[in-house]
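One structure below.
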Amino acid sequence: MPTPEEFRALLEDDFGVSEWSEKQPPLIEAVDHHRLAEVLKERGYTLYVFVVASHRPGVEGAEDALTAAGYIELATGLRSPTENSQLAIWRVRVGLDEQLATLVDLFAGADWQEREQFDLVGVRFAGHPDPRRLMLPEDWEGHPLRRDYAINTPHPPWR
Amino acid sequence: MSASSAARPSSAAPASAARLGVDPHRDLSDYDPEADLMVLNMGPQHPSTHGVFRLKLHLDGETIVRAVPYVGYLHRGVEKLLEELTFVQATPIVDKNDYVSPMTNEQAINMAFEALLGIEVPRRARYMRTLFAEMQRIASHLLWLSTFGIDMGGALGGGTTLFMHCFREREWILDLFELVTGARFHYNTHTIGGNRHDIPAGWAKQVHTTLDLIASRIDEYLELSTTNSIFVARTRGVGILPKELALELGITGPILRASGVDHDLRRDAPFHAYDEIEVKVQTEPDGDCLSRALVRVREMKESIRLSKLLVDGIPEGPICGARPIKNPTQFKAKEGQAYVALETPRGELGTYVIGGGKNKAASPYRLKIRPPSLHALSALPYLLPGHSISDTVVILGSLDPIMGEADR
Amino acid sequence: MAVDESDRNYEHPLYSMPGLSVAATSVDKLLTWGATNSLWVFAMATSCCGIELMATAASRVDADRMGTIIRGTPRQCDVMVVAGTITVKMAPRVLKLWEQMPEPKWCIAMGSCAISGDFYRDIYSVIPGIDTAIPVDVYIPGCPPNPEQLMAGLIRLQEKVRAVRGGEWAPKDERPETEAMQKTAPSIPRLLSAERSPDVTLAQLLGAGNLGLGGALNRAADAPPLAAPQETSDAITTQAPTETSEGAVESPSEDEHADA
C-alpha cells in the first residue's frame, strides 16, 4: 500500500526534489515526467486522475530564462485504488514552444485529458496518437485558457 | 460477446492498444475489402445520447468495428469564467456543471476553496453537506434509472413506465431541498466555510417519511429489473469494462465499483461527516451493464440508510465557519495550489485550484474541474467495438454521462 | 431554406379556395382547435433546462394532458423548445434541425441561457441567445424555469397560435432602446433587430448547411463579409486580457447569480 512517506522518499532520492511546501505539489524536471509516472504506476498508483496545465506569461526582466519567456505549468495526479486512496501529484514546467512526453502509453485515460489541455491551454504532447482538439471546433484559433486570450473573443457569425 | 472480441490492433497502434486489446484509433483502411463498411452518425441531438454528445460509428453490417466519440457541444468555458469571478461568486456557476447533482458540485468547489484558504467548516455544516450529498445521490440515481428505462425501450414494460415512476420519487426529494433552499434545482446553498440555509423545523420528520416511501419503491424497481428476462438479456455480458482498463482511463464511482474495484472516496479518503459514519461500498465483479445497474440501485438503498442516520445525527451549532460575506473580494489567496476530490453520484469530482488570480488575488489563477463523466465517456471506443447498434444506447446509458460536466 | 420572417401569418390553403369562405371559417376553427391542442415538442435539450423539460413530461406536471408530446425527430414536431446553452459548436446543428421542421412551426426559448446566454453570454464559445439565429415566439425566463412555468409558456404559445390563425396577431412595437439595453445587446444583433445585416443570416445558414467543412471555409472563401461585431462594454470585457486590472468585482453580477 503506497504511503506519502514513500512518495516523498522516491522524489528526493531519484528525482532530485529538495523543496517541499505544504501549499504546492513538488516540482520536477520536465524530462523526468514520463519516468516518474512509470515508476509510480509500478508502485500501485494505477488510477489516472487528472492533468491540469496553466499558462504563465513571460515576465520582463526576470532572471530565469523560462520565467522571462513564459511557460506552462502542468500538474498531474495519480491515485492508488487501495484502502488509503493515496494521491500523488507533481508539477513540471515546459516552455511555450517545447513538447512534453505523453502518458498515453501508460494510461489510456491520458488520451482525452491531454487533448483537452492542448485544446484549452495549448500545451503540446510528444508522441500523442491523436493530437486534435477535444472541446472546441477543429477550425478554432487560439487557446482560450491562455492569459492573453480575451474571454469575449468574437467568433462570427455566431457570436 | 465481449469488447475484446473484435480487437485487431493495426501495426501502427501504440503499445497501449496491444495491452488493452482494443485500439481506439484503429485504422480501417486495411479492413476486409469485401465487408460492407458503413459510417453511422449518432448525435449531437439524439434522444438517447443524454445531452449533446456525438458518436461516429463505423459498422460492418450491424456490428460496430470502431466508435469515435465527439464531445464539446456544451463547452461553456466555465473554467475561464471562474478565473474572472471571485471565490465567493463561483458557487452558482458550478451548479450548472453537473445539473443532475448540483449539491455535490457546490460542495466540491467550496471544499477546494476552503482547502486553499485554510477555512474550517463547523460540524453541523459538515453533517448537512453530507446529508444533502446523500439525498442528491438518490435523486441522481433515480434520474439515471428513469432514463435507462427509456434507453432499454420496451424491456421494462413500455418505454416510459420506469421514467414516469422514477420522476415521481425524484420530485419528492427536490421538494425536500426546496424546503431548505427555496430552489428546486440550482440551490446555491453552500458557501465558503459552510452553508447558507439552515434546515427548517419539522424537516427531519418529512425526510424520514419520504425516504421510507422511496425505499419501498426501490425494492420494487430492483425486483422489476432483475426478474425481467429481457432486461437481464440485454444487459448481462454487454459492455464489459475490465478492471485494469477502468483504472487506466480514470473511471471512478459506480462504474469502477461495478468492475470489481473496491474503491470509494467516501470510505477511503473521508471528507465532511463520512469519517463519523460507516459507508458500505457496493461492488460487483463482472463490469457489464447489469453490474453497473445493480451497483447504482444498491447505492440508492445505502444512501437512504445513510441519510436517515445523518438526519438524526445533525448536531447543534453554527452552520458557517467563515465571516458573513460582505463583499465579493473578501477571501484572498495570493499563492498555493490545492486539489480536493469528493465522491459524487458519477465518481470522483475533483477541483484543482491555483491561487493568486485577478481582482487582487480574490479569484483563482486557474481552476480545473476534473469531470467523472468525461472519463466515463472516454471508455466508449473500448466498450463498443464488437457490439451491435442496439447495444450502443444501453452501454452509453449505463455510463450515466452528464454532458454539462463533461464539456464544462 | 431561409427563415422568412415576414411569413409568420401562416395562411392555410383552404383560404384560397373560391366560394368556400364561409365554410372555411368553420373548418379553420376546427383546424385551429386541433393545432393548438396538439403542439408536439421537439426537445432541443442541451443542458439543465432539458432536465426540467423531462420533468414537465413526467408524472407530476404531465404535459401530455394538453396534447404536448415530446418527439425525438424534428420532422414530426410543431414546436422547438430550446432548453439550455447553445454553443458555437452546437448552433449550426440547431439551425439545421430548425430547418428540418415542417411549417407552421414555433420556437420557445426556455431558460435564461437560451434567451440571452445568461452569465455565459460573454464567453468565447457561447452564442448570446438563440434568437440571434432562429425566431423565438415565447420566452420563458428562469434558471431553469419550473415545469409549471414551462406549462404556462406552452399555454401562452397556444394563445398565440390561436391569435395568429385568427388573424389577430401583430408583432409588438419595438421596445424603447434604453441605455441599459444597448449595453447588454449581443454582438450579433437579434433576428428582428434593424441593425442586423442579412450577411450574418446568410453566413449562419451556410455554416449550418456545410457542417463537415466547418465555418472557417465558408468565411475564408467566397462568403460575404460579415458585419463587424458591435463594441460591448461589459465589466468582464474591460478586464479580460490584463492581469492587473481592478474594479470588476463591484459589478452587480453577484445579485444575478443569487437569483439564479
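The values are calculated or read from the model by the stated rules, or taken from the named source; none is laboratory data. The structure displayed is predicted, hence computed values, not measured ones. Quick reminder, even Gly has a Cβ in these numbers, built from the backbone with ideal geometry, and neighbours come from all protein chains shown. When the accessible area is computed, the model is the full protein with side chains, heavy atoms only, and any ligands, DNA or RNA have been set aside. Shrake-Rupley method; radii C 1.70, N 1.55, O 1.52, S 1.80 Å.
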**Prompt:** Any chance segment A:69-87 includes a residue that's open to solvent by 60 Å² or more (accessible area, probe 1.4 Å), in contact with a helix residue (DSSP H, G or I) (Cβ under 7 Å, 6 or more places away or on another chain) and facing chain B (nearest Cβ under 10 Å)?
**Reply:** yes
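Say whether the condition of being more than 27 Å from C:Cys143 (Cα to Cα) and modelled with pLDDT of 90 or more is met by at least one residue in segment B:127-143.
Here is the first cut: in segment B:127-143, the ones more than 27 Å from C:Cys143 (Cα to Cα) are B:127.
Retained after the next criterion (residues that are modelled with pLDDT of 90 or more): B:127.
Yes, that holds for at least one residue.
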**Asked** Within segment B:104-123, how many residues are within 26 Å of B:Glu316 (Cβ to Cβ) and within 14 Å of chain C (Cβ to nearest Cβ)?
**Response** 1
**Residue count for segment A:44-64, restricted to those that are in contact with a Gly (Cβ under 9 Å, 6 or more places away or on another chain) and open to solvent by 50 Å² or more (accessible area, probe 1.4 Å)** = 3
**Request:** Could you tell me which of the residues B:Pro318, B:Pro385, B:Pro328, B:Pro324 is more than 10 Å from chain A (Cβ to nearest Cβ), touching a strand residue (DSSP E or B) at 6+ places or on another chain (Cβ under 6 Å), in a loop (DSSP other than H, G, I, E, B) and more than 25 Å from B:Asp268 (Cα to Cα)?
**Result:** B:Pro385
**Message:** Restricting to segment B:238-269, name every residue that is over 20 Å from B:Leu384 (Cα atoms), open to solvent by 10 Å² or more (accessible area, probe 1.4 Å) and either in contact (Cβ under 8 Å) with a residue 40 or more places away in the chain or not assigned by TED's automatic domain parsing to the domain that holds B:Gly397 (or both).
**Reply:** B:Ala269
**Request:** Please go through segment A:1-47 and pick out each residue that is at pLDDT 85 or above and among the polar types (S, T, N, Q).
**Result:** A:Gln24, A:Thr46
**Residue list for segment A:106-123, restricted to those being open to solvent by 10 Å² or more (accessible area, probe 1.4 Å) and not in a helix (DSSP H, G or I)** = A:Leu106
**Asked** Restricting attention to segment A:87-103, which residues are farther than 20 Å from B:Leu256 by Cβ and part of a loop (DSSP other than H, G, I, E, B)?
**Response** A:Leu96, A:Asp97, A:Glu98, A:Thr102
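So for segment C:107-129 (the condition being of a type in the set (D, E, K, R), within 14 Å of chain B (Cβ to nearest Cβ) and surrounded by fewer than 20 Cβ atoms within 10 Å (Cβ to Cβ)), does at least one residue qualify? Give the derivation first.
Within segment C:107-129, the first condition is being of a type in the set (D, E, K, R), and the residues that meet it are C:118, C:121-122.
Still in the list and also within 14 Å of chain B (Cβ to nearest Cβ): C:118, C:121-122.
Next, only the ones that are surrounded by fewer than 20 Cβ atoms within 10 Å (Cβ to Cβ) stay: none.
No; the residues of segment C:107-129 include none that is of a type in the set (D, E, K, R), within 14 Å of chain B (Cβ to nearest Cβ) and surrounded by fewer than 20 Cβ atoms within 10 Å (Cβ to Cβ).
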**Request:** Would you check if B:Ile240 is under 30 Å from A:Tyr45 (Cβ atoms) and either within 11 Å of another protein chain (Cβ to nearest Cβ) or assigned to a loop (DSSP other than H, G, I, E, B) (or both)?
**Result:** yes
**Item:** Considering residues of segment B:278-306 that are under 25 Å from B:Arg126 (Cβ atoms) and in contact with a His (Cβ under 9 Å, 6 or more places away or on another chain) only, the residue surrounded by the fewest Cβ atoms within 10 Å (Cβ to Cβ)
**Value:** B:Val281
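So if I check each of B:His208, B:His141, which one is surrounded by fewer than 23 Cβ atoms within 10 Å (Cβ to Cβ) and either within 18 Å of B:Leu310 (Cβ to Cβ) or of a type outside the set (A, V, I, L, M, F, W, C) (or both)?
Numbers: B:His141 fails: surrounded by fewer than 23 Cβ atoms within 10 Å (Cβ to Cβ).
Among B:His208, B:His141, only B:His208 is surrounded by fewer than 23 Cβ atoms within 10 Å (Cβ to Cβ) and either within 18 Å of B:Leu310 (Cβ to Cβ) or of a type outside the set (A, V, I, L, M, F, W, C) (or both).
Taking B:Lys96 as the residue in question, decide whether it is assigned to a loop (DSSP other than H, G, I, E, B) and more than 18 Å from B:Leu383 (Cα to Cα). I'd like the intermediate steps shown before the answer.
Details: assigned to a loop (DSSP other than H, G, I, E, B): yes; more than 18 Å from B:Leu383 (Cα to Cα): yes.
Yes.
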**Request:** Looking for whichever is more than 14 Å from chain A (Cβ to nearest Cβ) and either aliphatic (A, V, I, L, M) or on the phi < 0 side of the Ramachandran plot (or both) here; the options are B:Thr252, B:Thr210. Which one fits?
**Result:** B:Thr210
**Request:** Inspect all residues belonging to segment A:135-146 and state whether any of them is open to solvent by less than 10 Å² (accessible area, probe 1.4 Å) and closer than 15 Å to A:His55 by Cβ.
**Result:** yes
**Asked** If you go through segment B:284-306 one residue at a time, do you hit one that is farther than 30 Å from B:Leu162 by Cα and acidic (Asp, Glu)?
**Response** no
**Asked** Within segment A:1-25, can you find the residues that are under 30 Å from B:Ala376 (Cβ atoms) and open to solvent by less than 40 Å² (accessible area, probe 1.4 Å)?
**Response** A:Pro2, A:Phe7, A:Pro25
**Complete:** Filter segment B:96-127 for residues that are closer than 26 Å to B:Lys360 by Cβ and not aliphatic (A, V, I, L, M); the one that is most open to solvent (accessible area, probe 1.4 Å) is B:Glu120
**Request:** Go through segment B:46-76 and count every residue that is outside any strand (DSSP E or B), surrounded by fewer than 24 Cβ atoms within 10 Å (Cβ to Cβ) and either on the phi > 0 side of the Ramachandran plot or touching a residue at least 60 places away in the same chain (Cβ under 8 Å) (or both).
**Result:** 5
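Could you please find all residues in segment A:124-134 being on the phi < 0 side of the Ramachandran plot and either surrounded by fewer than 20 Cβ atoms within 10 Å (Cβ to Cβ) or more than 14 Å from chain C (Cβ to nearest Cβ) (or both)? Walk me through how you get there before you give the answer.
So in segment A:124-134, the residues on the phi < 0 side of the Ramachandran plot come out as A:124-126, A:128-134.
Within segment A:124-134, A:Arg124, A:Phe125, A:Ala126, A:His128, A:Pro129, A:Asp130, A:Pro131, A:Arg132, A:Arg133 meet the criteria.
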**Prompt:** Filtering segment B:227-237 down to residues that are open to solvent by less than 60 Å² (accessible area, probe 1.4 Å) and not in a loop (DSSP other than H, G, I, E, B), which residue is nearest to A:Thr82 (Cα to Cα)?
**Reply:** B:Thr235
**Prompt:** If you check A:Asp148 against the conditions, is it among the charged types (D, E, K, R), touching a residue at least 60 places away in the same chain (Cβ under 8 Å) and more than 8 Å from chain B (Cβ to nearest Cβ)?
**Reply:** yes
**Request:** Show the residue pairs that are 6+ apart or on different chains and have beta-carbon atoms under 6 Å apart, the first residue being within segment B:80-93 and facing chain C (nearest Cβ under 7 Å), the second being in a helix (DSSP H, G or I) and charged (D, E, K, R).
**Result:** B:Gln89/C:Glu254
